[in-house]
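Taken together, the values in this text are just the output of simple stated rules run on the coordinates, not laboratory data. Just so we're clear, the structure is a prediction, and the values are computed from it rather than from any experiment. Cβ placement follows ideal geometry from the backbone for every residue including glycine, while neighbour counts extend to all protein chains displayed.
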Amino acid sequence: MERVRIVEVGPRDGLQNEKQIIPTQTKLELIERLASAGLRDIEVTSFVSPKWVPQMADHAAIMRGLKRRAGVNYPVLTPNLKGFEAAVAEGATEVAVFAAASEGFSQKNINCSIDESIDRFIPVFDAARRVGVKVRGYVSCVVACPYDGAIAPGKVADVAARLHELGSYEVSLGDTIGAGTPASVLRMLEAVAKKVPRERLAGHYHDTYGMAVANVHASYQFGLRVFDSSVSGLGGCPYAKGATGNMATEDVVYLLHGLGADTGVNLDAVVDCGAWISAQLARPPQSRVARALLAKRAAAGEV
């Protein structure tokens, strides 16, 4: 049976765009429920300036409030050395850094070129090596960009290779606007895999056009065994008004279990978790699988 690792990004990537400030205790309970469902990699917060991402202002309180479980990783996003040092001071053992494959996206988001953004991470990688902290690299806009349009696969490969060479133990490839199809995703993966071993790659596919699960399937067939997802599809797409963003954890787990893969995740428990956090946010679950299973339970008279 093939083992597939799910990196749950709901508590960070999923919640960061929520307009209402979510109580720290709710976030901590979400993390605990996800761990209880069998998820072993849960991205819990981001050490960014509260001025830019108010939702993540409680990052230190989140780290202090975690009920750490043996075998569960709690990575955090650190955009620079200051964020890295603050995260490590609160007990972080794994961090993530972000670069874009699009010059337009890089300039609009962090006011610098791709090369400049990666150069800023060098001190983070150096510091991480000194203290034994793992670093995961993210690449945004691996298929298309809201500003530059389609992105050349070779450009994605170059950025992924640079992050890998700097010391990323894994590089997560993000279809930020969810425009990818299996064909465009495979073209990108073929280019990247020439420079970074496929066992060091992860897929992070947004569901804006409903293609995320199809893209996971194509990537799984290609050889990827790590995928990022967000419980109940938390997290919208800021570039497509009203569109969904992250792929729902429930949907990708259902797919992978159907392919005979072992994720270590209890699907029913993740559905319960998604229903719970959706209720906290006063909205229905965004996962199609969750909706189907919850309707089936209701029809059978189950609570």
Legend entry - Pair Tyr147, Ser113: separation of 7 Å Cα→Cβ label points (nm): 1.4
Legend entry - Percentage relative contact order, the range 200-303, counting C-alpha pairs under 8 Å, at least six apart: 24
Inset, instruction - Quote the FRET efficiency, to the nearest 0.05, computed for Arg3 versus Lys51 with a Förster distance R0 of 30 Å and r equal to the Cβ-Cβ distance. - result: 0.15
Inset, instruction - Using Cα pairs closer than 8 Å and at least 6 residues apart in sequence, work out the relative contact order for the range 59-100, in percent. - result: 46
Legend entry - Shape metrics for the range 1-65, restricted to C-alpha atoms - Rg then Dmax, Å: 12.6, 46
Inset, instruction - Past 27 Å, Cα to Cα, is the threshold; run Lys27/Lys82; Lys27/Lys51; Lys27/Lys195; Lys51/Lys155 against it and keep the listed order. - result: Lys27/Lys195; Lys51/Lys155
Legend entry - Within the chain, longest stretch free of exposed chymotrypsin sites (Phe, Trp or Tyr not before Pro) [DSSP loop, at most 16 other beta carbons within 10 Å]: 170-303
Inset, instruction - Divide, for the range 62-123, the radius of gyration over alpha carbons by 2.2 N^0.38 Å, where N is the residue count. - result: 1.34
Inset, instruction - Based on a Kirkwood Rh over C-alpha pairs, give the Stokes-Einstein translational diffusion coefficient of the range 1-141 at 4 °C and viscosity 1.567 mPa s in µm²/s. - result: 82
Legend entry - Separation of the Arg64 and Trp276 label points, Cα + 7 Å toward Cβ, nm: 2.4
Legend entry - Calculated [θ] (222 nm, deg cm²/dmol) that DSSP helices of n ≥ 4 give over the chain, each run adding -39,500 (n - 2.57): -13000 deg cm²/dmol
Legend entry - Value of Rg/Rh across the chain [Cα atoms, Kirkwood radius]: 0.94
Inset, instruction - Please tell me the relative contact order of the chain in percent, rounded to the nearest whole number, where contacts are Cα pairs under 8 Å and at least six residues apart. - result: 18
Legend entry - Loop-located trypsin sites (Lys or Arg not before Pro) in the range 179-286, at most 13 other Cβ atoms within 10 Å (DSSP): Lys194, Lys241
Inset, instruction - Calculate the spin-label point distance for Glu32 paired with Ala295, positioning each point 7 Å from the Cα along the beta-carbon direction, and give it in nanometres. - result: 3.3
